[in-house]
Every structure is written in structure tokens, then in C-alpha cells.
Amino acid sequence: MILALDVPTASEARGIVDALADTVSFYKIGLELFLSGGYFELADWLRSEDKKVFADLKLFDVPQTVGSAVQQLRTRDVDFVTVHGNDAILRAACDAAAGDLGILAVTVLTSLDRADMEDLGFEADIGDVVLSRARRAESIGCAGVISSGHEAARVRSAVSRRFRIVVPGIRAAVEAGTDDQKRTVDVESAFEAGADYIVMGRPIRNAPDPARAAASVQERISAWLGHNSGVGEPTGQIP
């Protein structure tokens, strides 16, 4: 499980990490924290606490600029960074990463549904778009993709086992219309579909006892893996 530190300040993020202690070892830090100041200091602190770091920055610009940004990020000890865009942008990111940083291609945001895609000018089925982007991302050399749990099974069937699928929008139990995420799944459904990692935020951060909530999710993951030995476990080197 990757815990999303989508909070306004680095100090608040550190408080969450301290409260969760050993129950979580992987954290996502995104744009809100990036703009609040202290982003890279937070990333360095997470590494000093023996945590893994996912820089969810969704880089999107002309290929040369994205490549230059990834080169800068390589000087920081992070595991993943998200990149948005076409093949040329993803290729520039992968070339700049040089194997030192895992590039995760964004497919279709979990906050979007079919109507939103039509508003953006896309008439294709969301699943088809996600699958196409995932296939291209793997061929270019990305470490994996961000995919809704609704499309993860199709992606898993079309890519190699070493290609990472990171599924956001995870809810303890999915209830329609409760927040801004529209294509959500629960913990077990995500791994059943082929996820290597799930991303959770509010269901843990907003729980009465976040550490207990995180431990409960980790127990659910372990139980699922125990009952599906080899099915949901990533293979090879994992960042």
C-alpha cells in the first residue's frame, strides 16, 4: 500500500508518517505539498526514515522540458514519478531516468468518467484508452502505469508481469457518489485485477485511528495474497 500524503504542509505530512509508524512504508507526495514548500526536504526525510517515495507530480510539458525535469529529480532519492502525455513525452522521461527512477505513465484519471472524457473531446471507451496507453508505455520503457481498478485487469492481461500497475482511488468499501473519485474499487478487487500497488489517502488519514486503519488494510492485503499465492505478488526487482 502507498499512502497518499495529500495534505497542505510538510509538517502535517510528517505528523501522519510518525503516527503511522511501521504500518506504512511507502508514501505518495503530490502537487499540493510541492507548492507548499519543503517538498524535497520531506522526500529526503522520508528516505531517512527508511520509507519509499512516490513523487506524484504528473509532469506534462514539451518532451525536452519533461526530460530535464526528470534529470533534476534523479538527484533525489525517489522511487517513482508520474508523467502525463504522449509517446514523445514518455520517451523523453524514460531516457532521462536512465533506469534510476521509475516512470509511471498516467492513463486516465480516476476522477474522470465517460462524460468527462467526452467533455475533453475523447469519444473512445475509457478502457480502450487506458489499454492503449499502457501498451505504449511498456514498449517505451516505463516502469508501469497508473490505472483505475476498473481497467487494471485488461492492462494486466496485455503487459508483462514486471510492468507495474498502481491503482489509486481505493476505498475500504466502495460507495458511489461519496467523493471526487468516480472509478473506485476496494482493496481486494484491486489486487484481484492485477494491481502491484494500491494508493489510499482519505480512508486512512480521516479514520478515527489512522494507524489501526492502515494496519487493517495491510492485513487485508496479506490475507488476499495468502489466499492467492503468486497471483498478486509482484515479481523481480521492485523499487
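The values are calculated or read from the model by the stated rules, or taken from the named source; none is laboratory data. These figures come from a predicted structure and were not determined experimentally. With ideal geometry, Cβ positions are generated from the backbone for all residues, glycine too; neighbour counts draw on all protein chains shown. Protein only, heavy atoms only, side chains kept; ligands, DNA and RNA dropped before computing areas. Shrake-Rupley method; radii C 1.70, N 1.55, O 1.52, S 1.80 Å.
Over the range 15-61, accessible surface divided per residue gives 47 Å², non-protein components excluded, 1.4 Å probe.
Note on residue 219 and residue 21: their simple-model spin labels are 1.5 nm apart, each label 7 Å out from Cα toward Cβ.
Calculated over the range 1-60, the projected area of the Cα convex hull averaged across directions stands at 3.7 nm².
Roughly speaking, what is the centre-to-centre gap between the range 55-92 and the range 199-214 when only Cα atoms are used, to the nearest Å? So the two Cα centres are separated by 29 Å.
Treating r as the C-beta distance of residue 32 and residue 228 and R0 as 25 Å, the FRET efficiency rounds to 0.10.
Under a 5 Å amide H cut-off, with hydrogens placed 1.01 Å from N, residue 27 pairs with 3, 52, 53, 54 among residues at least 5 apart or on other chains.
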